[in-house]
1. For residues in region 207-224 being assigned to a loop (DSSP other than H, G, I, E, B) and among the polar types (S, T, N, Q), which is nearest to residue 274 (Cα to Cα)?
2. Where the second residue is among the β-branched types (Val, Ile, Thr) and open to solvent by 10 Å² or more (accessible area, probe 1.4 Å) and the first is more than 30 Å from residue 157 (Cα to Cα) and lies in region 185-203, which pairs have Cβ atoms under 6 Å and are six or more apart or on separate chains?
3. Being modelled with pLDDT under 95 and buried (at least 17 other Cβ atoms within 10 Å of the Cβ) is the filter here, so list the residues in region 127-139 that pass it.
4. Filter region 172-206 down to residues that are outside any loop (DSSP other than H, G, I, E, B), closer than 30 Å to residue 236 by Cα and not aromatic (Phe, Trp, Tyr), then give me how many there are.
5. Checking the condition open to solvent by 20 Å² or more (accessible area, probe 1.4 Å) and modelled with pLDDT of 75 or more, which residue from 212, 207 passes?
6. How many residues does region 215-227 contain that are touching a residue at least 40 places away in the same chain (Cβ under 8 Å) and crowded, with 21+ Cβ neighbours inside 10 Å?
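The values are calculated or read from the model by the stated rules, or taken from the named source; none is laboratory data. Quick caveat, the model's predicted, so the values are computed rather than measured. Every residue, glycine as well, gets a Cβ built from its backbone with ideal geometry; the counts of neighbours run over all protein chains shown. Protein only, heavy atoms only, side chains kept; ligands, DNA and RNA dropped before computing areas. Shrake-Rupley method; radii C 1.70, N 1.55, O 1.52, S 1.80 Å.
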Amino acid sequence: MRRITGLFFLCLEISFLSYSQSTDTLSKIPTLNDHRFVSFEAMKSPYTNTSFFLELGLGESGIFTTDGVPVGDSTILNLNGELLFVNLRFGYTQKIKDWICFFVNLDYAGRIGNNAESIFISGVNTIITVEPGILFKIKQTKKLALSGYFKLTNTESSIVDVQQYLVDLINGKPYADLTRDVPALNGGGGMVASYAFGPSVALNMDGQVVYGETLERTDPSFQYYFGSNVSINFKKWINLPVSLIVGGYANTLTNIFSTEGDLTSSFTTKLAYTGSDSFVLAIESQSGRTPIEDTNTRVQLRGMSFAAKFYF
């Protein structure tokens, strides 16, 4: 992790040496009131520019306790565990007209226990999510960009459930299966806005509501996501092509942290290099709380990710 952080700041320093050669006149990065747009990749952008992003994240949970395997009215074991998370995301946005664009996001995530006990408790989960949609402008002024969007989300999860497999064996269930493949589909939309107070400070918000299934395979339900952040650009203050983004989100959509539609919350800090006219490089640090299925507990969540976004 230290090597990744060091590499990021090395690229930042090298790029800064040539920053005096750049100009905002030909910049492809969206600008509002002379403020360059930078936000979290988990949030939508209110702009219809053609762009591509990729993000690689790593994280871990705090220690949690479970009652272990239930057998009748008792349990066999009391276990402690921690979980590791890895996430790889791609996203592409294609401008159709000045007021509308098409986007598609692909998310591959994995979750595994960091020891034998936590693997026994939570198994091994992999989730592939495909999210196509359209985004359209509602209003844009010198300081405000407001857009709406509609989307579909298809999730395919492969779950290696060691605990349930042992329960099925103990209960004599025929054809007990170690692996389960679970799909989930939902659809909905939301609104995303950016407001620039000036060249140095902007506020970004994204809220969405969807209706559909979770990986728990219960009746369809409404799920929501709301995120916001403040973007601070240091270019005008100290001539440094760096933005600091601070914010967070509340999320009940199906994700690698919560597969059953329970609330996951996070506080995120992002440091981004904005000296290029066509790309943004960033490193994020996350801290929050997430539920652990079948334990009725919420645990700490810590993570870090590297992101790059290119504009065309």
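1. 214
2. Pairs found: 201/232; 203/230.
3. 127, 129
4. 11
5. 207
6. The number of residues fulfilling the criteria is 2.
Here's the yes/no breakdown for (1) touching a Cys at 6+ places or on another chain (Cβ under 6 Å); (2) at pLDDT 90 or above:
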residue: 65; (1), (2): no, no
residue: 68; (1), (2): no, no
residue: 71; (1), (2): no, no
residue: 77; (1), (2): no, no
residue: 88; (1), (2): no, yes
residue: 93; (1), (2): yes, yes
residue: 96; (1), (2): no, yes
residue: 104; (1), (2): no, yes
